[in-house]
Structures are given as C-alpha cells and as structure tokens.
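J.: For reference, the structure I am asking about is given below.
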Amino acid sequence: MRTRWLLVVLAMLLLLSATYFSVSSAATPVQAKLSGERPQFEVAEDWMHKFIFTNVTGNKSTEIIINSTATMFTGEVKDFYGNTRNCYLLIYRPVALDPVCIFWILYSLYNVFNVTDLSAEDLLALGDSSMICVYVDENDFSLVQVQWIVEYFPDSGRQMFVVLNLLLNETYPYMWFNFPLSEGKFFGNYTEALNISLAGFFNYYNGTWYNYTYIDAPFSEEITFPGTYMFYPAFKVAGIETVTVTAGSYECWKIEVLNPTNPNEKIGYLWYSPDVKNIVKSNVTMMFQNCQYNLYVELNEHFEHSPPAPPEEPPEEISQLLAPYLVASVYSQQQMGMVSLGLGVAAVAAGVAVAIFAVRRWLV
C-alpha cells in the first residue's frame, strides 16, 4: 500500500517535470540583513502591493492591488541564443512592479502590433485576467524571458487573448535585482538597439477583426533607443533608510530611479527591503507618449508559505488533490506550444512539496 502511494507521487512528479520545466531546489545561503546579497525565496512567497497610477497630464488616477508570487524552485529556460539558464519564476498579476512595465507593454502594442487604442488605464483594468511571468537567472537575476498572458472579455466590446513569449538579445539584471547592493552603486544599461524575439498569440478585437494578429513562429523585432531604456532603466543606490508602509516598518536600500534620457536627473525612488525580498515602496514620475505619469507603489502584505504539518495518514486520493494542476499543465502546453506554463506554478510547487513531505512522514 505504501509503495503504491509512493509510486503515485513519483509519477505525478515526473509528469509535472515533463509538462512544466525541470525543477531543482535553489541552494543559497540565508541572506544577511542589509548585506546586499540576492534573496532566497521560500516554497511559495507572495506580496500584495497597492499601486496608484496617475496620469498627471490627463488628471486621472487608477488604484489597484498587485499580487506577485515567487517560489524557491528554479527551472531550465532557454534564452535568446538557445542557451539553457536556471531561472526563478516571478509571477505578477495584473502588472509587474517595476517602474516601466506598463510602458514597455504599451510600446510593444504601438510599435509591433499597431494597436493604438489601448491606454495604460486599459491595461490596469485587465485585472487578474492579465499575468506577467518573468524568468530571472538564479545566479545574477538577469532578465532571461518574459511572458504576457491575457484572456480578457470586457463589456465594452473589446476582446483580447494574448500568450506572448519575449526574449532579449541582451541580458542584464532585472530592474532593482542587481545584487550585491551597496551604497553608491550605479547600474542599468542604455544600448542603441535591442533585438527581441517574439512568439505566441496576440488576438485583439475592438469592433472589427482587422487588428487580429497571429504569430505561429518566433520573429525578431528591433527596438532602438530611447525605447530600449524600458527594458533596462538606470538606478543608483542612495543608501539605507527606514520606511513605514501599510505592511509595517522596514529598513531598506533606497534606490534612485534616473531619467532614461538624462541619467543625471532623478525621476523617483525605490525602497528595497532584504526582509521582504522585494520593494516595499516606490514613487516614480516619467513621461510616455507626451503624457506625464506617476507610479506609486506600497506594500500591503507579505506572506512566506511553508508546507503545513502533514497528517498521520496520507489523503485518500493524493492524485485527485493535484489532478487539476496536471490537467492545466497539459492543456497549457498543447495550447501555448513554446510557452512554459506560468499559470498556477506556485500552487503546483506548494502542492508537490506538501505531497512529498506527507508521504515521507507516513512511510517512516
């Protein structure tokens, strides 16, 4: 009986590894407080941030809650050149927390897909139907791959279905994740041109189907300066400062965000907490498409999930417990082809960890 349960769990693990990506545990030392070292994520780590996005020029403001998730697991991901990289997966719903994420999505919509009737506010309104999956190298946190996933059917008559995979020919540390941090450190990159490889689906309906786009094979697009700064803005570590937000008070690295076209001009700040392993606050003002925008972010909650204590006896059907995630994995692979599964990864990782731990405890 015990052997049967063990085989069930092993079979599920093999299926997950085949349909998702090869998973291995990240073996990194525990981060020392304010040492500037890169973080070590827990099994399923979640952040909830309040995000206030203000169109200063248009005098309108939007407030949303952003959910983001990371796991302690790393997986093998192919970069722009086909090299295998071990990466963390960071999931953001509905948008990422970096200062320019909304704008590089808009830039891609305008310049690659010729969609000009979607505003930044429209992207925020996508809510939990929109997800960004960011793959960063486990060693240096360089940006390897980005996936944008949307399934959106609003009442306005517009529809959007996106499964888009993006690779960059340049890989630099993702936003503020440029470790180790130290006072006075400057980082960021301005390059005259970036080559991006896109693959996936982009379907958009706004009353007619002429904006419908289908991509069945990777294609390359060149982005030239100043558009390149949206992927690699510049930062400077100003020092250490204690800030108080909804989630509490934290000792943080205070990081200056610099004007993309004039690095001598500050356009805002980020406050990164080693305790939280993420930013706890940011306040940035920048120009895009002749409009001035302010992005204010504040941490509301932070959770570190560890597997709960296992029961004395394993559940009646462990396979039933994880079946929905296995089905979602297979379906996603069939539908998305080249896109790695981003949906539900934190739940899968936590569920697998619980199952392994429960069976091991029961077998002893």
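The values are calculated or read from the model by the stated rules, or taken from the named source; none is laboratory data. Computed from a predicted structure; not experimentally measured. Here Cβ is always computed from backbone atoms with ideal geometry, including for glycine, and neighbour counts include all displayed protein chains.
J.: How many residues does region 287-313 hold that are hydrophobic (A, V, I, L, M, F, W, C), surrounded by 15 or more Cβ atoms within 10 Å (Cβ to Cβ) and either modelled with pLDDT of 95 or more or within 25 Å of residue 179 (Cα to Cα) (or both)?
T.: 3
J.: Quick check: is even one residue across region 57-69 of a type in the set (Ser, Thr, Tyr), touching a Ser or Thr at 6+ places or on another chain (Cβ under 9 Å), surrounded by 22 or more Cβ atoms within 10 Å (Cβ to Cβ) and over 24 Å from residue 223 (Cα atoms)?
T.: Among the residues of region 57-69, not one is of a type in the set (Ser, Thr, Tyr), touching a Ser or Thr at 6+ places or on another chain (Cβ under 9 Å), surrounded by 22 or more Cβ atoms within 10 Å (Cβ to Cβ) and over 24 Å from residue 223 (Cα atoms), which makes the answer no.
J.: Test residue 194 against the criterion of being modelled with pLDDT of 85 or more, over 19 Å from residue 88 (Cβ atoms) and of a type in the set (A, V, I, L, M, F, W, C), and give yes or no.
T.: Answer is yes for this residue.
J.: Here is a further query. Return yes or no: is residue 228 farther than 20 Å from residue 274 by Cα, surrounded by fewer than 18 Cβ atoms within 10 Å (Cβ to Cβ) and β-branched (Val, Ile, Thr)?
T.: No; evaluated as a whole, the condition is false for this residue.
J.: Also: Kindly indicate whether any position in region 144-161 is in contact (Cβ under 8 Å) with a residue 24 or more places away in the chain and touching a Cys at 6+ places or on another chain (Cβ under 6 Å).
T.: Yes, there is a match, as at least one residue in region 144-161 is in contact (Cβ under 8 Å) with a residue 24 or more places away in the chain and touching a Cys at 6+ places or on another chain (Cβ under 6 Å).
J.: Just to be sure, is residue 215 over 21 Å from the mean Cα position of the chain (by Cα), modelled with pLDDT under 85, of a type in the set (A, V, I, L, M, F, W, C) and part of a strand (DSSP E or B)?
T.: Judged against the criteria, residue 215 is a match.
J.: Take the residues in region 101-125 that are more than 16 Å from the chain's Cα centre (by Cα) and closer than 22 Å to residue 67 by Cα; name whichever of them is surrounded by the fewest Cβ atoms within 10 Å (Cβ to Cβ).
T.: The qualifying residue surrounded by the fewest Cβ atoms within 10 Å (Cβ to Cβ) is 121.
J.: Going by the conditions given, is residue 72 more than 18 Å from residue 175 (Cβ to Cβ) and either touching a Phe, Trp or Tyr at 6+ places or on another chain (Cβ under 7 Å) or of a type in the set (D, E, K, R) (or both)?
T.: yes
J.: Next question, about the same structure. Residues that are under 23 Å from residue 286 (Cβ atoms), loosely packed, with under 13 Cβ neighbours inside 10 Å and of a type outside the set (Asp, Glu): does region 195-206 have at least one?
T.: no
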